[in-house]
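The values are calculated or read from the model by the stated rules, or taken from the named source; none is laboratory data. Just so it is clear, the model here is predicted, and its values are computed rather than measured. Ideal geometry is used to build each Cβ from the backbone, glycine not excepted, and the neighbour counts take in all protein chains shown.
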Amino acid sequence: MVAAPPQAWFVVALLVIAAIAYFFFQDDTGRLVGWSSIPLGLWLVATLFLVLFNRPLLFARWRWDLAALALGLSISGALGIFDAPLDSFSGDTYGGDIGIAIARYPVDWDRFDLGLVDYALAWVRVVILLIVAFILGTPNWARRTGGGIWTGILIVYAGVVSGSKIIYQKFENWRYERAQLKQLRKEDEEAFAADQEAQAKEDTDKITVAATPEQSAGTDETTATTITNGAPEDVGDSTTTDKSELEKYVDRLPNDPATPITVAYPTPTEVEEAEEHGITVPDYSAAHRFPWRLPNRDMLAIARPGGITDEEIADTSQRVEESLEQFGIDVSVDQVRQGPTVTMYGLSPGWKGRSEEKSGQRVRVDTILNREKDIALALASPNLRFEAPVPGESVVGIEVPNSHPTEVTLRSVMDTPEWTQFAENAALPVPLGLGSGGEAVMADLSKMPHTLVAGSTGSGKSVCMNALITGLIMTKTPLELRLIMIDPKRVELTPYQGIPHLYHPVIVEADRAVFVLRSLVDEMMGRFRQLEQAGLKNIASYNEKQDQKMPYLVILVDELADLMLTAAGDVERLLVRLAQLGRATGVHLVVATQRPSVDVVTGLIKANFPSRISFAVMSQIDSRTILDSVGAEKLLGRGDMLYMPIDKPKPSRVQGAFLNDQEIEGVVSSWKNMGGPALPELVVTFDDAGADNGGTASGNTGGDSLFDQAASLAQSQKTLSGSLLQRRLRIGYPRAARLMDELEDEGIVGAGEPGKPRPVL
């Protein structure tokens, strides 16, 4: 074979190198070899030239050729240690897939616990290839002299020095991430332990109260029935109830918060007590003759146009596909649902290793979910939410916030044909907003049947309450619906003062709210007596067969935490009682709070409020408390919420309807200016306290009807505290404090120090 001239070798080398320098910038070659295409390309040029023009030289110098290959692979392995940016042509690392196979296989370098040993092993592989190249290139010199050893040591030293800084930085980042992870886990464990301890203490107090001999048979009967899932049986005196049986039910409820207790009926004793109280049925005969008119929806504001373009949707879809393709994950965006605040992109997993000869393996869903941060980085959006899979669809949903959100008003929901049809058939229709696909989302309070709303300050919780109220009073007359509003903050629900739907003026005092809730329980018992006399089971059948309809009663509490601070035991007991028995009589509750902790949203409350609405919260713990799952901490605020009704196992993303003050004022004014006859109001009894202001009662100087019981309790104790009075007499803190002052005035207890029990004289 004739050897090619040096000029030809030079020209061929330049052409091959130029071709490689062009083609390695392409995606496939770049992901395969990355920046190591230069040394490997030079080796390939030389090898091809010798194969074509001088094979004897190749056979004679085969050691040099293998040494050059080992040197190129060592360079590729060294480049494979360093991560490449997402927009790099070289894939995950500068060395491409070959560099990853040399330096990293089979260790998963994406995990947090990657240590210094893994980096050291990667460099050892590179050094071994360098030593192999040295031995193959200079076998005699490496064998006969120690120069090869010293050269290898120098090469190792140079590699260690060059990579020590990067390794140290990665090690420090790993230590920091590991410390942060341990701290977060420790905080979660401490918070969970504190919640469990508080819940266990609360449940123990309930069991102690239920088994206290000082309670009357009627009250204990009610408590025992409440704990045992509202069973319609007369259990008799609770003092004879097995404590272990009570503990079984109390322990079950907090661990199963999603189980609603809605099928409950009062005991015969409770109905008899309601009859003894002489509860009268409200008379609506005069109101039936008045021509009630519903407000016109034209007074509501029209939403301004907005949203994202098709070009933005196509660009986002391409970014998602390319960001996952960089990690070897084959997906395609097969579905797009544009919503007012977020757009849901449905990802269809592709196939791995599939060809015409073999079927391959489908991409795992967990592989897509593990790349959440990479997708968020590619989209420059940290608030991403995954839904895997989308209900009713075989795709993985990614909810991406829109760059220009669309305004959602109450009218934008009520102008839809879905709402028109829904409002005609539903007993208590309420508009919630627009879903992630732009569809109208509404609910029927009579089927929910009780709703728990939670969200931090400014997330849209109060606006949601206003939307619920406005939707109800715009579709139902006072003959069909009566409202009870409890607003401890004094500013959110007071604008509705004076509308005919109110069954009682808006309650702003937390102490008075306890009396109102107790009177509502009596009202509910009266409704049960009315259903019993008619021989019917629920309000729907009653209204179908009776001429005078029974209006639905909706109780709205804007801030539950303030009520729980005043009288936690009474508030919890009354709310649970109303929730357990209220559905059959048309009593429904909507309770909101901005602090969804276990001392506010207890296990019994969660068990009896199966429908949940969560706005943006501060942490995953708050999200688990309200929804029993994470996701609420990633919401965007301003009405962005997760809605989980009783008939759905997973929450759905909804943009709540916005309602300004002028719209509320217009709807309220239309009802106030309509006039109409005087409607029945809730009769609030203060027999527990004697009167509204404490009242007067015979037989004691202080004026409290429980003074004699408190004095008797004090005589049986060496010391007396306000908390003991609260537990034994089942009263709130303000009343217990007044009783302590009265006992001190009578000389029964002495003056005590703050936070300590008082001595009994």
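A few remarks follow.
- Residue check for Thr701: at pLDDT below 75, in contact with a Gly (Cβ under 6 Å, 6 or more places away or on another chain) and on the phi < 0 side of the Ramachandran plot: no
- Evaluation of Glu311 against the conditions (1) closer than 26 Å to Ser412 by Cβ; (2) among the acidic types (Asp, Glu); (3) modelled with pLDDT under 80 shows that the sole unmet condition is (3).
- Close contacts from the stretch 561-574, counting a first residue that is in contact (Cβ under 8 Å) with a residue 60 or more places away in the chain and crowded, with 20+ Cβ neighbours inside 10 Å and a second that is part of a helix (DSSP H, G or I) and of a type in the set (Phe, Trp, Tyr), with Cβ to Cβ under 9 Å and a gap of 6+ residues or different chains, come to Ala567/Tyr733.
- Output for the stretch 531-561, where each listed residue is of a type in the set (Asp, Glu) and in contact with a Ser or Thr (Cβ under 9 Å, 6 or more places away or on another chain): Asp558, Glu559
- Extreme residue, farthest from Pro295 (Cα to Cα), among residues of the stretch 485-510 that are in a loop (DSSP other than H, G, I, E, B) and out of contact with any Leu (no Cβ under 9 Å at 6 or more places or on another chain): Glu509
- Scanning the stretch 45-57 for residues that are surrounded by fewer than 17 Cβ atoms within 10 Å (Cβ to Cβ) and touching a helix residue (DSSP H, G or I) at 6+ places or on another chain (Cβ under 8 Å) gives Thr47, Leu48, Val51, Leu57.
- For first residues located in the stretch 33-55 and under 20 Å from Asp83 (Cα atoms) and of a type in the set (Ser, Thr, Tyr), partners that are modelled with pLDDT of 75 or more and part of a helix (DSSP H, G or I) and lie 6+ apart or on another chain with Cβ distances below 7 Å form the pairs Ser36/Gly72; Ser36/Ile75; Ser36/Ser76; Ser36/Leu79; Ser36/Gly96; Ser36/Ile98; Ser36/Gly99.
- Here Leu556 meets each of (1) at pLDDT 85 or above; (2) surrounded by 24 or more Cβ atoms within 10 Å (Cβ to Cβ); (3) assigned to a helix (DSSP H, G or I) with one exception, condition (3).
- Residue check: Gly471 meets all listed conditions (1) under 21 Å from the mean Cα position of the chain (by Cα); (2) in a helix (DSSP H, G or I) but one, namely (1).
- Of all the residues in the stretch 438-468, those that are over 23 Å from Val587 (Cα atoms) and of a type in the set (Ser, Thr, Tyr) number 3.
- Residue among Ser652, Ser629, Ser614, Ser619 that is within 20 Å of Asn383 (Cβ to Cβ) and surrounded by 19 or more Cβ atoms within 10 Å (Cβ to Cβ): Ser614
- Test: residue in the stretch 108-116 that is part of a helix (DSSP H, G or I), in the same structural domain as Gly34 (by TED's automatic domain parsing), under 43 Å from the mean Cα position of the chain (by Cα) and modelled with pLDDT under 70: yes
- Some residue of the stretch 405-413 being over 23 Å from Lys648 (Cα atoms) and of a type in the set (D, E, K, R): yes
- Scanning the stretch 724-752 for residues that are over 37 Å from the mean Cα position of the chain (by Cα), outside any helix (DSSP H, G or I) and surrounded by 17 or more Cβ atoms within 10 Å (Cβ to Cβ) yields Ile748, Val749.
- Listed by first and then second residue, the pairs linking a residue in the stretch 477-488 that is among the basic types (Lys, Arg) to a residue that is buried (at least 20 other Cβ atoms within 10 Å of the Cβ), with Cβ atoms under 7 Å apart and 6 or more places separating them unless they lie on different chains, are Arg482/His501; Arg482/Tyr503; Arg482/Pro551; Arg482/Leu553.
- Filter result for Ala443 (outside the structural domain of Asn543 (by TED's automatic domain parsing) and under 23 Å from Asn543 (Cα atoms)): yes
- Checked across the stretch 487-500, the condition of being at positive phi and buried (at least 18 other Cβ atoms within 10 Å of the Cβ) holds for no residue.
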